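Undergrad: Structure in structure tokens, see below.
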Amino acid sequence: MQKMSMAIGILLVAALVPTTVTMAHGSCAHETVHQYGVPGSADTTVEDDTGTVASPGLGAVVVNDSEDKDCDSDGVPADFDGDLDVGTGGGAFGHGPWATWCGFHQEVAGTVTVNDLVFGPTVSFVTGSGDTNSWVPDPLTGENTCVTDGVISPGTDPEGDDCLSDRGTGTQAVTCPGGGDGLLWVFIGGVDCTLTLVPPPPKLVCKNPAVVGTITSP
């Protein structure tokens with residue numbers, strides 16, 4: 001798919017994100033370079049260190065934390081360190097005012113760069129965030145629970161606060177604020193991609209899908 005604003009409005013993105021508020025462990029440095037095409041997992045997988053995004057237009061993104069150190073010196077190696085640093089189909093970075101509250105390192109600093117091991121910087125990608133102002137509040141305290149409505153769909157979102165960027169390659173400026181889950185999601189396509197609208201649902205078809213590579217947000 002080339003960059004086309006009309007396509008952005010119809011991309012539906014379902015997200016499962018951390019459901020507990022956990023402050024990031026500070027003794028492990030945050031990782032500005034994440035990997036995609038690497039399912040990897042930590043020795044211990046807990047609810048607050050995994051995330052999944054699926055989209056009929058963009059495919060699926062599954063992210064996880066691969067850190068195997070005892071970041072918080074609690075005697076449990078490989079528990080969550082604040083980074084979802086490996087994934088398939090894309091990645092996710094802590095971003096926006098809720099990143100630290102939701103347990104993620106603040107990583108996004110204005111740009112995202114994608115570099116594929118096979119195709120280099122020519123693979124296309126989209127960044128996005130959901131429920132930037134309408135996250136699910138705790139019923140007792142009213143505080144953010146780091147849970148969104150599970151859909152990133154700027155064209156049909158009832159709250160009107162979902163965001164997806166245009167498709168780009170190489171290094172792209174981050175145009176979306178952080179989501180209510182404290183994350184910026186990165187959806188990676190490939191080379192020579194076209195979004196087909198008929199028959200529905202929309203589907204991104206790439207002649208050369210991305211294989212494995214890095215996503216950097218310095």
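What follows draws every value from the coordinates through simple rules; no lab data is involved. Here the structure is a predicted model, which is why all the values come from computation and not from measurement. Positions of Cβ are generated from backbone atoms using ideal geometry, with glycine treated the same way; all protein chains shown enter the neighbour counts.
Undergrad: Normalised by the residues of region 72-154, what does the relative contact order come to in percent, with Cα pairs under 8 Å and at least six apart?
TA: The value is 16 percent.
Undergrad: Calculate the length of the line joining the C-alpha centroid of region 176-207 to that of region 144-164, in whole Å.
TA: 15 Å
Undergrad: Could you please rank His95, His30, His105, placing first whichever residue has the fewest other Cβ atoms within 10 Å of its Cβ?
TA: Working: His95 26, His30 16, His105 23.
By the 10 Å Cβ count, ascending, the order reads His30, His105, His95.
Undergrad: Give me the percent relative contact order of region 145-218, please, defined on Cα pairs under 8 angstrom at least 6 residues apart.
TA: 20 percent
Undergrad: In whole Å, what three semi-axes, largest first, describe the equivalent ellipsoid of region 53-171 built from its Cα gyration tensor (square root of 5 times each eigenvalue)?
TA: That gives 25, 23, 12 Å for the three semi-axes.
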